[in-house]
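The values are calculated or read from the model by the stated rules, or taken from the named source; none is laboratory data. From a predicted model like this one, the values you see are computed outputs, not experimental measurements. A quick note on method: Cβ atoms are made from the backbone with ideal geometry, for glycine too, and the neighbour counts reach across all protein chains shown. Please note that ligands, DNA and RNA were not included when accessible areas were found on the heavy atoms of the full protein model with its side chains. Shrake-Rupley method; radii C 1.70, N 1.55, O 1.52, S 1.80 Å.
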Amino acid sequence: MTKNVIEIENLSKNFGDQKVLEDINLTIKDNEIVAIIGPSGTGKSTFLRTLNHLNEPTTGKITVGDVTVDAASYTKKQVQQLRMQSSMVFQNYNLFKNMTALENVMESLVTVRNVNKKEAREIALEQLERVGLLDKKDAYPSRLSGGQQQRVGIARALAVDPKVLLFDEPTSALDPMLVSEVLQTIKKLVETDHTTMLLVTHEISFARDVASRVIFMNEGRIAADGTPDEILSNPTDKNLQQFLNINQY
Amino acid sequence: MGFDFNYMLEVLPTLFYASRFTFYLTLVSTFFGLILGLILAVINYYEIRILNPLTKLYLFVIRSAPLIALLYFFYYGVAMYSEFVRNMNPLNAVAIVISLTAGGFMAESIRGALLSVDEGQKDAAYSLGMTDGQLMKRVIIPQATRIAVPSLFNNVISITKMTSLSFVLGVVDVMGAARVQGSRTFSYFEIYGAVIIVYLVIIGVLSVIQRYVAKKSSEAY
Ligand SMILES: Nc1ncnc2c1ncn2[C@@H]1O[C@H](COP(=O)(O)OP(=O)(O)OP(=O)(O)O)[C@@H](O)[C@H]1O
Ligand SMILES: [Mg+2]
């Protein structure tokens, strides 16, 4: 039996009076590729961010890898340990503007994980090669296209060999022309890597293509959860049907 | 009584020589102003309890009170209650007051620069497991510095001009030397014309440096 790499119990998140996540329970096994879909504003980003404690959960217990953080009581150290289990790829790339592509990929190795510079550099070069950007290693983010920045973002996420990769709409800030280079990069990862991935996306056909499991979120809850076939081809949930109708073309 | 060009040339060296106090005061006030400004800006940035409202009050006072009032208040007012201030020479008194003022102005520049670093940069740093200190050191300060440098340079130029008030406490800086000359020859047109020239030269040099630094920092990345 494969073991759970993510376990979420009774996770809720409020922003002021607004309930954004309501009582989410979920387990994700090693090697699963989970696509998260759902209407805008239903808490998909918030959910992903709580896994990284970028948003502090209001209640609930989150386990990633072998670190658990319970909203009822936790330490800074635990939060940092939790964050080090996973890597996040952001919608707006969020590369460090004051660092080159190579420095961006090296940064957490050197600063957070105390890997020596030489070794970190080798790892970073390897990862940049994987995303096809070795020739841009010395470029600052401002000199890279959106697609290139996002590929550096993916290399940065991969460099620390995380147990889980979290993608928050990695292509939705991109020009349509640049979407496919990033999707291809992710697809290649899915094929060659065995990292667990959570992928929030509006690209339904991409989800069908790469995901082993699809979660439909609606109004802060998990409204449907199953194989791509169950969720995307034979949806039973009313809201899901409606959502898929709108997103079909 | 016509314009005496030769007299003007004659007083210029005296005034330039007196500008050593201008440089000294600018340098000292910039140095301490930066330290104070950084502390105030960080207090404000992290909204540190108790200190933050005090910082705001301080900035409000510095922004509102005329420098000349602060100088008098410190050198004549505070002196009434403090032996230390009473025995202080005017140059140091001016350096202290202008440093305190510069700290306020520089705090605003630094604060703006710190706030200009976007949330996404922080998200990325935290998600990689960085601590607040590492985030500050590796991401926020480097990025904020680049933003702050041009406005800090403007602050330095303001400080340079502020130092021209030091003569009211008896420092014989450019304005002080001009006053001494004026009381002797009454050739105010030439003397204060020369004063303006001295400041144009000083500020002109600073502006050239500022433009160079601004260009460098905008090319950095
Ligand atoms: N920092 C915040 N402060 C207050 N409210 C927030 C914050 N972040 C998100 N929200 C609110 O929480 C709700 C869920 O937002 P979230 O970004 O998680 O949705 P989403 O499903 O990712 O939407 P989208 O598909 O548009 O990205 C929204 O109503 C949003 O306005
Ligand atoms: Mg979102």
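Figures for the structure shown
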read-out: Identity of the residue in the stretch A:71-93, open to solvent by less than 30 Å² (accessible area, probe 1.4 Å) and of a type in the set (A, V, I, L, M), that ends up nearest to the other protein chains (Cβ to nearest Cβ); value: A:88
read-out: Members of the stretch A:22-58 found to be open to solvent by 30 Å² or more (accessible area, probe 1.4 Å), away from ligand 2 (no atom under 12 Å from the Cβ) and polar (S, T, N, Q), listed by number; value: A:25, A:27, A:31, A:58
read-out: Of the criteria (1) surrounded by fewer than 22 Cβ atoms within 10 Å (Cβ to Cβ); (2) touching a helix residue (DSSP H, G or I) at 6+ places or on another chain (Cβ under 9 Å); (3) within 14 Å of chain B (Cβ to nearest Cβ), which one residue A:116 fails; value: (3)
read-out: From B:144, B:125, residue being more than 7 Å from chain A (Cβ to nearest Cβ) and touching a Phe, Trp or Tyr at 6+ places or on another chain (Cβ under 8 Å); value: B:125
read-out: Members of the stretch B:147-159 found to be over 12 Å from residue B:107 (Cα atoms), away from every other protein chain (no Cβ under 14 Å) and free of Cβ contacts under 8 Å to residues at least 60 places away in the same chain, listed by number; value: B:154, B:157, B:158
read-out: Wholly within the stretch A:26-121, helices (runs of 4 or more DSSP H) carrying at least 3 residues that are under 15 Å from the mean Cα position of the chain (by Cα); value: A:44-51
read-out: Matching entry among A:19, A:61 (being open to solvent by 20 Å² or more (accessible area, probe 1.4 Å), within 12 Å of ligand 1 (Cβ to nearest atom) and of a type outside the set (Gly, Ala, Ser)); value: A:19
read-out: Counted residues, the stretch B:1-20 - those being hydrophobic (A, V, I, L, M, F, W, C) and open to solvent by 50 Å² or more (accessible area, probe 1.4 Å); value: 5
read-out: Test: residue A:10 is outside the structural domain of residue A:121 (by TED's automatic domain parsing), modelled with pLDDT under 95 and either part of a helix (DSSP H, G or I) or of a type in the set (S, T, N, Q) (or both); value: no
read-out: Residue under evaluation residue A:68, criteria (1) in the same structural domain as residue A:218 (by TED's automatic domain parsing); (2) touching a Pro at 6+ places or on another chain (Cβ under 8 Å), criterion not met; value: (2)
read-out: Looking only at the stretch A:29-54, and only at residues there that are of a type outside the set (S, T, N, Q) and within 14 Å of chain B (Cβ to nearest Cβ), the one that is farthest from residue A:3 (Cα to Cα); value: A:54
